[in-house]
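Everything below concerns the one structure shown next.
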Amino acid sequence: MLMRCGRAVFHQMHMNTNRTQKGFCVIGCGRVGTHLAVHLAGRGYRPATFFSKTFASAQNAAFHAGGGKV
């Protein structure tokens, strides 16, 4: 499932192991992308990957969302 909000794009991933884990990737880690990542993490989704124009903003979003690869 692909969600778009402003410039941020979120892709919901399902990894089939023994159970389905809900995860997401963030493309565009500005103000909107970071806040949506924090919100999704608070709702039980697992942050997987963060992509952004600058490494610092991707790192900041991953930190505030509680994990994920930059």
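Some points to look at:
- Complete set of residues in region 46-70 that are among the hydroxyl-bearing types (Ser, Thr, Tyr) and either within 10 Å of the chain's Cα centre (by Cα) or open to solvent by less than 40 Å² (accessible area, probe 1.4 Å) (or both): 49, 57
- Filter result for residue 35 (in a helix (DSSP H, G or I) and in contact (Cβ under 8 Å) with a residue 12 or more places away in the chain): no
- Count of region 23-60 residues which are touching a Gly at 6+ places or on another chain (Cβ under 6 Å) and among the aliphatic types (A, V, I, L, M): 4
- The one condition in (1) open to solvent by 30 Å² or more (accessible area, probe 1.4 Å); (2) in contact with a Lys or Arg (Cβ under 8 Å, 6 or more places away or on another chain) that residue 33 fails to fulfil: (1)
The values are calculated or read from the model by the stated rules, or taken from the named source; none is laboratory data. What you see is a predicted model, and the numbers here were worked out from it, not measured in a lab. Neighbour counts are summed over all protein chains in view; Cβ atoms, including those assigned to glycine, are modelled from backbone coordinates with ideal geometry. For the accessible areas, the whole protein counts, side chains as well, though only heavy atoms, and no ligand, DNA or RNA atoms are used. Shrake-Rupley method; radii C 1.70, N 1.55, O 1.52, S 1.80 Å.
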